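See below for the structure under consideration.
The values are calculated or read from the model by the stated rules, or taken from the named source; none is laboratory data. None of the values given here were measured: they were computed from a predicted structure. In this analysis, Cβ positions are derived from the backbone assuming ideal geometry, glycine residues included, and neighbour counts consider all displayed protein chains.
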Amino acid sequence: MKNLKYSIVLIIFTFFSISIFAKNETVILNEKQVLLDLYKSLNGENWNNNFGWNGETNCEPCNGWYGVECKKGKVVKIDLHNNNLSGNLPSTLNQLSSLKELLLGKNNIEGSIPSNITDLLNLEVLQLSNNQLSGELPRQISKLQNLKYLFLTNNTLEGEIPVSVIKLDKLKILYLGGNNFTGELPIFFDELEKLEALVISKNNFSIPEKNIYANMGFEFEF
């Protein structure tokens, strides 16, 4: 009887162990697929450095892919700035649920910023400056509650700045210069209590009062 109970417990333990392992493996495979989507969408074969991404090595993304950093098997940072990326950002980026830093500046990325990028709830740094991005800022940008640094300078983004930006309570740096943003110069940036620097020069704002931020507690470039 004792042997039977032992066998049953062993079977149950083995079943749950296999289930947990399979679940973790699925998560890893999902994130790897997102990275492969990124590689394909941004013409990875032409990158300056695509070590690991190109499949010539058998290493996993967390074990040597250029520009990828992981923690506990989850992608937390992608740094591919100035790496000859071109094409459109894939809509699957939002599946990298632990991503904290996305650094893709100084490339030739075009098209719009995927609206579901706001699903990256752990994102702290978004660097997309010096590309060819167009369209408007995602209206749900306020979902990025952990965002501290937002760099979007020197693209061709347009439209008005969403008022929802004021809900980014942790935002320290906001660079929006060198785009085609329109509408009245937003007066709500002073509500961002942690803001240290704001750059909105070289846009198409109408200016009700040029020195509107002159006495604010952050660096301002218009």
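For the list (1) of a type in the set (Ser, Thr, Tyr); (2) over 30 Å from Lys167 (Cβ atoms); (3) modelled with pLDDT of 95 or more, I need the number of the one condition that Thr57 fails.
The number of the failed condition is (3).
Tell me whether the stretch 71-94 contains one or more residues that are small (Gly, Ala, Ser), under 14 Å from the mean Cα position of the chain (by Cα) and buried (at least 20 other Cβ atoms within 10 Å of the Cβ).
Checking the stretch 71-94: not a single residue is small (Gly, Ala, Ser), under 14 Å from the mean Cα position of the chain (by Cα) and buried (at least 20 other Cβ atoms within 10 Å of the Cβ).
Output the residues belonging to the stretch 166-188 that are of a type in the set (Lys, Arg) and modelled with pLDDT of 95 or more. Give the derivation first.
Pass one, the stretch 166-188, residues of a type in the set (Lys, Arg): 167, 170, 172.
Residues satisfying the conditions are Lys170, Lys172.
Please find, within the stretch 176-190, the residue that is nearest to the chain's Cα centre (by Cα) out of those that are of a type outside the set (S, T, N, Q) and within 18 Å of Tyr149 (Cβ to Cβ).
Leu176
Given the condition outside any strand (DSSP E or B), at pLDDT 95 or above, touching a Gly at 6+ places or on another chain (Cβ under 7 Å) and on the phi > 0 side of the Ramachandran plot, answer yes or no: does some residue in the stretch 124-137 qualify?
Looking through the stretch 124-137, at least one residue is outside any strand (DSSP E or B), at pLDDT 95 or above, touching a Gly at 6+ places or on another chain (Cβ under 7 Å) and on the phi > 0 side of the Ramachandran plot.
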